[in-house]
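Bear in mind these aren't lab numbers, they're just calculated from the coordinates by the rules spelled out. These numbers were taken from a predicted model, which means no experiment stands behind them. Note: ideal-geometry Cβ built from the backbone for every residue, glycine included; neighbour counts use all protein chains shown.
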Amino acid sequence: MGRLEGRIAAVTGAGRGIGAEIAKLMAREGARVVVNDLGGNTDGTGTGKIADDVVAEINKAGGQAVSHTESIATVAGGESLLATAIDAFGGLDILVNNAGILRDKTIFNMDESDWDAVIAVHLKGHYCCARPFAAYIRENNRTNCRIINFSSTSGLFGNFGQANYGAAKAGIAGFTRVLALELAKYGCTVNTISPAALTRMTIPLRERRGEKVAASDLDAGGPQHVAPIVAWLATEEAGAVSNQIVHSARGMLGIMQQPAVIKSFQKKSGTWTLDEIDRYMPQLLEAKAAHDVAVKKAGAPVLID
């Protein structure tokens, strides 16, 4: 029996890449899966039926899956995703918000449409799917559910030429923190994945830098390396894990820090003067620099067999 036997999952953006690997692994672990994908290009334009291909592969392997090909950038699309799961399998337990697009440009060249499209699919898309699912959980007292959201180092650390994508991905991390608090009373965990993998969205970025991507690179850094932690977060064993950011890349598994005050000073009375800030801000920056060094050292991967 698989770890997800009897569970029902919906995975957005599951026609290719990370989403497809997640859907197939969850199916192998016994989950019944709704495979969502609009089937568009990496910039969000166009449509296709690639979700059907993943569904066919899952069903051929003995699993159970159905496709959903509507956009999740609208609440109607998110409601339709939930309805598909209920109609096909009788409910929904696991929501994986993975769908995304790229329209990379520096802020000097980024049109309003580039900003709006990326925010709509990533940040708004998470809301559009999570809102109806959260209401369903509360209205039906459906406990032990899971929401797994997808952020990125582009939002958590920053990345040149990705102001729209980075803003959306940083927003998703904040969105996750709030959902984890709001859904805790219903036994629903909410976590964030920070992935790194070679996919049709990321391979062109390397190629534009003049780097070649070989088959061995795909073996070492493909989307199959991200799927296991997503599946694990949906299991019973992860029932106490919530409000975390988990990083997964090329065989590395790590936990990421959340925003926190590192060092502070409190005045007994009055407001801060600029001269006082001259005196104390260097101490804060020094504490931050020391913290960064310590975190980098602590976060270095420990090799295991």
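Annotations for the structure displayed:
- Amide N of the range 238-275 lying under 12 Å from the label point, which is placed 7 angstrom from the Cα of residue 281 along Cα→Cβ: 273-275
- Cα gyration tensor category, rounded, prolate or oblate, for the range 106-199 with a/c compared to 1.5: prolate
- Hz values of 3J(HN,Hα) by residue in the range 68-75 - Karplus curve (6.51, -1.76, 1.60), Gly and Pro given as x: 9, 10, 8, 5, 9, 8, 10, 4
- Coupling constants for the range 102-119 follow from the phi torsions by the Karplus curve (6.51 cos²θ - 1.76 cosθ + 1.60, θ = phi - 60°), and in residue order they are 10, 9, 6, 7, 5, 4, 5, 10, 7, 7, 4, 5, 5, 5, 4, 5, 6, 4 Hz; glycine and proline get x.
- Cross-linked pairs 24/60; 169/263; 105/288; 267/297: Cα-Cα separations exceed 23 Å for 169/263; 105/288; 267/297.
- If you plug the beta carbon distance of residue 236 and residue 153 into 1/(1 + (r/R0)^6) with R0 = 30 Å, you get a FRET efficiency near 0.55.
- Cα gyration tensor shape of the range 8-256, rounded if a/c is under 1.5, else prolate or oblate by comparing a/b with b/c: rounded
- Positive-pole candidate from 130, 165, 194, dipole of the range 114-205, charges at beta carbon: 130
- Proximity of backbone amide H atoms, modeled 1.01 Å from N, is registered between residue 188 and 144, 145 at under 5 Å, excluding neighbours fewer than 5 places apart on the same chain.
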